[in-house]
Structure formats: C-alpha cells, structure tokens
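Heads up: the structure comes next, in structure tokens.
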Amino acid sequence: MIHRAVAIAFLPYNTLVVAAGVAAVGCAAGVIGTFGVLRKRALVGDAAAHATLVGVASALLFTGQRDLGVLLIGGLLSAMIAIVLLVLIRKFTRTRDDAATAIVLSVSFGLGITLISGMVSRGIPGSGGLERFLLGHTASLTAHDALLLGSVSVIGVLCIVIGLKEATMVAFDPDFAAAAGWPAATIDLVLIALIAVMVVVGLPAAGAVLVTALVVIPPAVARQWTERLIPMLVIAGLVGLLSALAGVVLSSLAVQVPTGPVVVLVATAFLILSILVAPCRGILWRTRVVIGLSSVSLTKTEGGADTPRVMERKL
Amino acid sequence: MAGTNSAREVQTAHPMLEWHDLTVAYGRRPVLWNVDFEIQDPCLFGIIGPNGAGKSTLLKASLDLVRRAGGTVRFWGQQLAEVRSKIAYVPQRETVDWDFPVSVMDVVRMGATSRLGWFQRGGKRERELALASLDHVGLADFANRQIGKLSGGQQQRVFLARALAREAEIYLLDEPMAGVDAGSQEQIFNILTELRDQGKLVVAVHHDIRTAAEWFDAVALVDMRLIAAGPTAEVLTPENLTMTYSGRLSILDEIGEAVERGGRTS
C-alpha cells in the first residue's frame, strides 16, 4: 500500500498534467451538468454523448489525423447534429420526447460502433485507439491532450460564471425571462451546446457510454446537500473533480481498467453516501424527522394550506 | 371601451393595452380567433372563460411567447419591444419546478435583475427592491426559505413579488388564483387592487365567475372568440355566460366547483 502511495506522489510529469486536466474536466462537467439536470436535459446529454463516436471515427477516417483535438471536434459536430435531429424529430413528428431521445441515442451509437468496427477490421491506421473513446482511457493521454481538455473545461466554467444570472433565470422560468425581453431560447441553446462540449471533452475520461454520469451524478450529489444554486454548483464541481481524479489515479495504477467505470463508481459512491446521510434530504435524516417530529407535524397540519410542506416530500 | 374606475384624468391618446384581430393557432387548430378589444385606463381586468378557451394563450401571444397567426397587440400604442421594461408577467405556477435550488429571495431578485443588462448581477438596489416586494406580499419572513417549502398561495405570492420587483406599469397574470386557498386569494386580490389604485393596469386570467364578479372592474369573456368585454356588471350577464360556456361539459364542472366553494366558505 505504502509504496503505491509513494508512487502516486512521484507520478511522472505527464501523469500529473493528465490528472490535472481530467480533474478540470470533471469539475466543469459537474458545474455545467448542474444546469443540464435543473433544466431536465440529462437524457439529451446522453444522446449527444452516444452520438460522439460517429464524429470521432469520421474525423479519423477523413483527416487521417490521430490528434485528440481533431477527433474531439469531429465528436462535437456529430453531438450537435444529434441534438438538432432530436429537436427536429420532436417538432415534426408525433414521437414522444423520451422515445425521440432513445431513437437518436441508439441509432447514432449503432452507427458509431459500426463505423469503428469497420475501420478496425480494415486496419485503418489509428482506428485501434478509437476503443478508448468507448469507455475512457486516460492512461494514453499526453500532456498536450490534457492541456487542451483542461483549457476547454476552464472556458466552460467561465461561461457559467459570467452568465450565471442569465442561465439561472432561463433554467428556472424561461417564460418569465422571455417576457422580460431575454432571448430565452438562445440562452437555452447555449446551455445545451455547453453540455455537448462537456460531454465531448469528457470522452477521454469516461467514454461515450459513461460520460453522461460525469454530467449527471455530481449535480445529483450536490442537490442532496444544499437548497441553493451557488453551493450546488460548487459541490457538483468538487464531486466531479474528485471522481475524475480518482478515476485517473486508480486506472493508472491498474492499466487494464478503463477510466470511465472507475470515475462512475467513485461518483456513485458519493451519491449513495449523500442519499443516506445528507441533511434534510438524506434518508437517515428524514427517517429521524418522521419518527422524532411526527407528533409536531400532526398538530401543524391544522394550519391549513399555509403550513410549510417540509414533511410532505415523498418518503 | 373597458376603461372603468377612471378617477384619473390622465387620458393618453392611446389605450394602455389593445388587441386587434388577434389570431393564434397551434398547428392547424385555431386557439384564438380575431380577438379585438382594448383597455383604456388602469383597472383590475379579468380575462374569463372556460378551460381551453385560449385565455392563457391571449397573454402569451401578447408577450410574444407564442407566435401570432395574425393581428396586433399594442401597449400605449407601441410595440412590445419598446415598452418591455414597463411590463411584468406572472406565468402559471405549475410551469416551473418548485424543487429548483433557489430561495424566495433569489426568485424575487430575478424580477429586479431581469431589468439589468447582460451579465449585470445587480447590487444593493436590487436587493432592497426585492425585499420591499416581498414585504408587499407579506412574505418578508420567508426570504431565505427554499421555494418548494411554501404553500400554493405563498408560491403564488412569490411570483407576484417577482413581478412587483420589475416596477412595471402593466401586470399580466396567468391564473394567479389557481391552487390558492380562499384566504390567500383575498390577500392576492387586495394586492392587485392596491396596484390598480396606484395607477397600474392589472390583467389577470381567471376562471371563477363568482370571485370575478366580486373583484374585477372590467372583464373580457373569451371562448376562442371574444364574447364580450367591458365593465364587469355589464359583461357578466346570464346571456353572455351561456354564450361563453355553451356546448361545453366543463360548465357543469364550473358550476359544481362554484357550489362546492360556496358551500365551504359559507
């Protein structure tokens, strides 16, 4: 155990930079994912994530370059196309929202996998490395790659910090914002685009299959601990950062393990812990309230409709 | 035609709010058809009609939240874009997620900061304005509470406070009494009446005829088309009501509701 810990402390420069870059990705995914979750767009992010593979593979096929930046731009393009398709299907067909999301998700994922398999079987140079976009594999990242991922993440967080008022207003009540003259639809679109960007830069860390977890679980953890937006953003950022970091370190110790599953498992550990012990919302806390205050709540219901609904949450 | 309670001599050339041949359709289904009326002066104005009559759509179309198939809406004779800062909208309470992680104060502050420019967060002035608005609706003690932990009536008053924080001249409210108990209804109507007395125009979508007759200075009866508009006593006649609610099963529900409510309050 001890020599492992020492090994972590003396990780080579490249590993350290990669760890920092991926940690930044985790943090930004948590922050931006918070708006995705609050706006109930988690599944849109998932569809976009599964659609990235087509773009990543096509970028390699058409440019012949293995540069991470080029591949990710391809992934971003196909993620955006998937989102546009989703909007079009919802608008022009009678398909229900959840069905439309599932269709786009599975079709684009199937297309991506077919493309990658075909490229691998034809021995197209670099196509073997495409697998790492499926489940995430940070061990193969260079310091250069990590800097790219880190910078995009920092820019993403800055967008939220600068536009916090606008994002909050639209996420909470788009009609009120629009009536007040704000371009609510455009702001909404920017938020979705930011989620797509985060899903794409999260690919090396968690892979197309699992990257949604990076965007969805940290906000879910954070919501357990706070009733305010800014603390929620901070906690989600921290949880995302720690999960991503744990994923990098643990998967670098055991090279065989892809990063994505480790990241997701660590984040899920945070979630289970939070669901159990978080104040107010945690199961243990609520059980305590129900047992301890049941007599009080009985007398309080006399107050009629203006009685606070603290106890009424689904138990 | 609808201006009542005109204690104010300030007669502008244009009515405060006017609709001309407003037509709205969702897909091929028309929701509003050639609605044409105006509100001359500040008053407490009710838009009344059965479920699905297009009442909410009338407000949304006025605020460019839904596309108009035809017709115009003018505020003081001007386009919406020129007068947005003088208008406040209160959407239906069910349209937002009350589990959203914001406090009562945060929501009301959104009203104040919605008037600022891009990326401006507001400061002391917006804070004080929000506090004053909260105080106005009697919720100052709840400023730090998460919005989901309020009753329906309190949530509705939070929405009202957010609109007040815009310091507007025209208030457009969509079903402000939905899911609100009798006590809170009176409280909200009192605030709206106060606004009217301060020279503001308050237009509220409402579906309860009994309370409508009690509180509104003027009303418009809408059932896809405009049935009638004008002073409440002149418009809420049995003939007009029959015309508005005719051929609809929902009139039975309305009557049932009214009877039930009447029984409870007496």
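Read-outs throughout are calculated quantities, based only on the coordinates presented, and are distinct from any laboratory measurement. Keep in mind that this is a model prediction, so the values were computed, not measured. Here Cβ is always computed from backbone atoms with ideal geometry, including for glycine, and neighbour counts include all displayed protein chains.
Details
- Taking B:124, B:149, B:60 as the candidate residues, the one with maximal mean-square fluctuation in a Gaussian network model of chain B, Cα springs under 10 Å, is B:124.
- Gain on full stretching of the segment that runs from residue A:269 to residue A:84 - 0.36 nm per residue minus C-alpha separation: 63.2 nm
- Spin-label model, residue B:225 to residue B:127: label points 7 Å out along the Cα-to-beta-carbon direction sit 5.6 nm apart.
- In this simple spin-label model, placing a label point 7 Å from the Cα along the Cα-to-Cβ direction at both residue A:151 and residue B:20 gives a separation of 5.5 nm.
- 3J(HN,Hα) from dihedral phi, the range A:186-195, Karplus parametrisation 6.51/-1.76/1.60, rounded to Hz, x for glycine, proline: 5, 4, 4, 5, 4, 5, 5, 4, 4, 5
- Pairs exceeding a 26 Å alpha-carbon distance, out of B:55/B:86; A:40/B:124; B:86/B:124; B:55/B:149: A:40/B:124; B:55/B:149.
- Bridge type composition, the protein assembly as shown - antiparallel percent by DSSP, nearest 5: 55 percent
- Chain A: angle of helix A:97-121 to the longest principal axis, Cα-based, in degrees nearest 10: 20 degrees
- Calculated FRET efficiency, residue A:254 to residue A:63, Cβ-Cβ distance, R0 = 45 Å: about 0.85 to the nearest 0.05.
- At R0 = 35 Å, FRET efficiency that the Cβ-Cβ distance of residue B:178 and residue A:158 yields, to 0.05: 0.30
- Largest mean-square fluctuation among B:40, B:79, B:155, in a Gaussian network model of chain B whose springs join Cα atoms under 10 Å apart, belongs to B:79.
- Derived scalar couplings ³J(HN,Hα) [the range A:47-59; Karplus, 6.51 cos²θ - 1.76 cosθ + 1.60; whole Hz; x for Gly, Pro]: 4, 4, 4, 5, 7, 5, 4, 4, x, 4, 5, 4, 4
- Rounded to the nearest Hz, the phi-derived 3J(HN,Hα) couplings of the range A:232-240 under the Karplus curve 6.51 cos²θ - 1.76 cosθ + 1.60 (θ = phi - 60°) are 5, 4, 5, 5, 4, x, 5, 4, x, where x marks glycine and proline.
- Summing +1 for each Lys or Arg and -1 for each Asp or Glu among the other residues whose beta-carbon sits under 12 angstrom from that of residue A:205 gives 0.
- Max mean-square fluctuation residue, GNM over chain A, Cα-Cα springs under 10 Å, options A:102, A:42, A:79: A:102
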